[in-house]
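Below is one structure; the comments refer to it alone.
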Amino acid sequence: MTQRTTDIAVGLFMLAGLAALLFLALQVSGLSPKSAKSTYTVYADFNDTGGITPRGRVSMAGVTVGSIDSITLNKETFQARVAMSIHGEVDNIPADSAAVIRTSGLLGEQYIDISIGGDMDSLKPGDTFYATQSAMNIERLISNFASGK
Amino acid sequence: MIDKIASFGRSGIDLVISIGRAGRFLGGVLSGVPRPVTGFPLLLKQLYSVGVLSLAIIVVSGLFIGMVLGLQGYTILSDFGSEAAIGQMIALTLVRELGPVVTALLFAGRAGSALTAEIGLMKATEQLSSMEMMGVDPLRRVIAPRLWAGFIAMPVLAIIFSMVGIWGGMLVGVEWLGVFEGSYWGNMQASVDFRDDVINGVIKSVVFGFVCAWIAVYQGYDCVPTSAGISSATTKTVVYSSLAVLGLDFVLTAVMFGNF
């Protein structure tokens with residue numbers, strides 16, 4: 001085994017490791033170079049956030065347009081304040097749109113869906129959604145139904 | 001009775017002494033600044049024997065583990081009609097846990113034991129002391145390249161293991177059992193995060209590589225220079241490395257994914 005063959009083998013080994021890392025980044029975790037694109041933050045106040053979590057999905061008409069940044073409790077109103085970052089190119093969300101918490105499938109994860117309003121003005125960075133609809137709670141639904149309210 | 005208590009105490013003191021020696025040994029190895037020109041070929045040679053030659057066992061085990069995950073995952077998930085989530089399950093299991101841990105266990109068995117036996121035999125045949133006589137520091141010449149090689153090779157091996165495993169899972173899940181290929185990759189990409197999952201897995205394997213290589217070279221350097229001593233040092237390397245890897249894995253998982 002000459003020094004040269006060893007060098008080549010080790011070089012190939014390190015390259016294989018690099019290629020595998022690239023594979024994990026691009027194919028497995030779906031990291032794309034454009035994921036560092038610009039975003040802006042908007043807020044929504046919910047009575048009940050249900051099961052949404054930070055890093056969750058924000059979608060519009062089923063297309064992912066952003067992600068959930070943080071969920072905090074507003075101590076004045078006892079509502080949950082959700083900050084979400086929306087992709088920069090989606091800059092024309094009508095100002096009277098509503099943020100709705102939906103569930104994908106019957107038991108799937110929860111996400112925020114933006115249902116479009118009709119206003120000519122659009123949401124600006126830092127704005128808060130005019131209307132929200134909280135997570136549907138099946139237990140509450142059933143108990144309301146059972147007590148006839 | 002008194003003798004028993006005394007021997008119990010002595011074994012405790014011996015344990016503390018041996019941990020102290022291992023720490024001092026590590027300090028000695030790391031404080032010697034590696035010389036870039038003469039040290040690099042030595043490191044490459046060790047990378048070859050520790051990393052490149054371990055590739056075969058890593059690739060084969062990765063493939064089979066991925067295939068087993070695909071098979072088991074399909075059986076369980078299809079009960080709930082959610083076999084499309086198989087890609088997500090395989091990728092998260094491999095990248096977070098099995099990749100780093102199984103690679104480290106295989107590495108301890110394949111490369112760690114060889115390192116211990118090699119250094120132990122060098123000590124038994126007094127090669128290390130003759131190096132010292134010639135004014136060559138054995139820590140820098142023999143130990144440091146092996147320690148660094150283990151440290152560098154382990155993350156590379158773990159990444160390759162995960163990649164091969166995910167491919168093996170696809171082989172079973174998509175090609176054989178007929179899960180739709182788009183949902184295999186799509187679910188995986190939606191749930192695996194590069195920073196939180198892939199990078200944390202790499203950090204784990206870096207830690208494991210360091211611990212395994214340290215235990216291996218220390219056991220070789222510190223062994224009793226007889227054939228029985230070398231054999232017990234080799235056994236200790238595998239046992240201690242495996243225990244350290246599994247214990248550290250719990251701690252690292254709790255810190256990285258614990259959410260508390």
**Q.** the protein assembly as shown: proportion of alpha-carbon pairs further apart than 40 angstrom, %
**A.** 37
Q | Label-point gap, in nm, between A:Asp127 and B:Glu175 - each point 7 angstrom along Cα→Cβ | A | 5.2
Q: Mark the label point 7 Å from the Cα of A:Arg102 along Cα→Cβ and return the residues of segment A:43-63 whose backbone N is within less than 11 Å of it.
A: A:59-63
Q.
When a/c reaches 1.5 or more, the comparison of a/b and b/c decides; with that in mind, is segment A:72-149 rounded, prolate or oblate per its Cα gyration tensor?
A. prolate
**Q.** Neighbour net charge for B:Tyr184 - beta-carbon separation under 12 angstrom, K R +1, D E -1
**A.** -3
Q: In debye, nearest 20, what is the charge dipole magnitude of the protein assembly as shown about its Cα centre with +1 on Lys and Arg Cβ and -1 on Asp and Glu Cβ, if you could check?
A: 1500
Q: Could you name the aspartates and glutamates whose alpha carbon sits less than 15 Å from that of A:Lys124, not counting residues in the same chain fewer than 8 places away?
A: A:Glu89, A:Asp91, A:Asp96
Q) In square nanometres, what is the average projected area of the Cα convex hull of segment A:19-149? A) 10.5
Q) Among bridges DSSP assigns within the protein assembly as shown, what percent are antiparallel (round to 5)? A) 80
Q | Table column - 3J(HN,Hα) (Hz), segment B:217-225, Karplus curve with 6.51, -1.76, 1.60, x for Gly and Pro | A | 6, 5, 4, x, 6, 9, 6, 6, x
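Readers should treat all values here as calculations from the given coordinates under stated rules, not as data from a laboratory. Remember, predicted model here, so these are calculated numbers, not experimental data. Every residue, glycine as well, gets a Cβ built from its backbone with ideal geometry; the counts of neighbours run over all protein chains shown.
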